[in-house]
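Structure, as C-alpha cells:
Every number here is computed from the coordinates shown, using simple stated rules; none is lab data. Keep in mind the model is a prediction, meaning the values are calculated, not measured. All Cβ positions, glycine included, derive from the backbone under ideal geometry; neighbour counts span all protein chains shown.
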Amino acid sequence: MSKGSASLTLEDPEVYDEEIRRFVPYYDEMIDSILDCLPRLHSVDSILELGCRTGDLSLRLLASGFCRRLVAVDRANEMVIVCRSRLGKYSRQVEVVQANPCEFSRANSFDYVLANLSLHCAEFAEQKKMACRNVFESLKPGGIFSFSVMLTTESRESREKIRSLWERDVIENGVSREELEEWQTLNKKNRPAVAPRHWLSCLKKVGFENCDFVWCETIFGTLRARKP
C-alpha cells in the first residue's frame, strides 16, 4: 500500500485532521450537532469520548471549560499518543486510554458519552447492541449519549441518491475521483452502515429513552439518547 493509500484509511494521525475533513465535508457541522445535544447550563463532572482519534473534540470540550474530567478512548496506539500530547495542557483532567470503543465500559462514571464516527467497528447487530449496552452502563442516571455514524437507508433508490450527493460534495471539496474510489474500496469493509432505525432499536433495547435522530447530511447522521 502506498503512503497515499495509507492516508485514505484515515488511520494516520499525521494527516487525519486534514483527510477526515476532505472526505466528510460536513465534519465540523457534525461535531456541532453532537455538542448541541448537551445541556450547557453548567459544567459537568465527567465526559467519555469513544474514538477520540487526534483529540479534536476532546480539546474543544476542555478548552470551553465545559467538563472537569474527561476520559478519551481510541483503539489505535498512534492516535492515543497524539491525543495525549495534544491534550497535555489539561493532563490533570484527562485520561487517554487505548481500547476498543465498542468494548469500553466503566460503570456509572460519566454524565455524557460522546462518539464521533467511531462506532463503525461494530460490524454486526449484536456488536452494535453491545456498544450501546456498554455506554448505557457507563453513564450515570440521567446521562446523555450523543454520537455520529455513517448511515444508509432501507430504499436502494434513496441509498444510491444520498451516496451520489456525498460523492458530489467530496469531489467539490477537492478529492479526486481516483481518491474517492480508492477510499470507498479501502473503507467499505470497515465502515458498515445501517439505517437510523437500527441504531434507535439498539438504544431502546438496552434501556435508553428519548432516543432521537437529530441531524443528517448525506451518509452521516447524529443520534441522541438518555439513560433514565
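Pairs from the table (LYS140/LYS161; LYS89/LYS129; LYS129/LYS161) lying more than 31 angstrom apart at Cα are LYS140/LYS161; LYS89/LYS129. For VAL113, the shell of other residues with beta-carbons less than 14 Å away shows a net charge of +2, using +1 for Lys and Arg and -1 for Asp and Glu.
Taking every Cα-Cα distance in segment 51-179 and sorting them into 10 Å bins from zero, the calculated P(r) comes out as 12, 34, 31, 20, 4, 0 percent.
Using the average count of surrounding beta-carbon atoms within 10 Å as a protection proxy, the listed peptides 73-81, 207-215 rank, highest first, as 73-81, 207-215. Within the same chain, aspartates and glutamates fewer than 8 places from LYS227 are excluded, and of the rest, those with a Cα less than 14 Å from its Cα are ASP111, GLU137, GLU209, ASP212.
DSSP beta bridges in segment 3-226, what fraction antiparallel, as a percent rounded to 5?
Numbers: 13 of 35 bridges.
DSSP beta bridges in segment 3-226 are roughly 35 percent antiparallel.
Quick check: Cα centre of segment 95-141 to Cα centre of segment 24-63, how many Å? What the calculation gives is 15 Å, centre to centre.
Each Lys or Arg adds one and each Asp or Glu takes one away; over the other residues whose Cβ falls under 11 Å from the Cβ of ASP74, this sums to 0.
Annotation: for a label point projected 7 angstrom from Cα along Cα→Cβ of ASP212, residues of segment 104-123 with backbone N closer than 18 Å are 112-115.
Kindly state, to the nearest 0.05, the FRET efficiency for ILE171 paired with GLU14, given R0 = 22 Å and r defined as their beta-carbon distance.
Using R0 = 22 Å, I get an efficiency of 0.35.
Ranking LEU61, VAL24, CYS216 by Cα position along the charge dipole of segment 3-226, where only Lys, Arg, Asp and Glu carry charges on their C-beta atoms, puts LEU61 farthest toward the positive end.
Scanning the chain for long hydrophobic helices, with DSSP H runs required to stretch 18 angstrom or more by C-alpha along their axis and to average at least -1.0 on the Kyte-Doolittle scale, returns 125-138. Extension gain, ARG68-GLU157: 0.36 nm per intervening residue step, less the Cα-Cα distance, totals 27.4 nm. Sorted largest first, the spans of the alpha carbon positions of the chain along the three principal axes are 46, 39, 30 Å.
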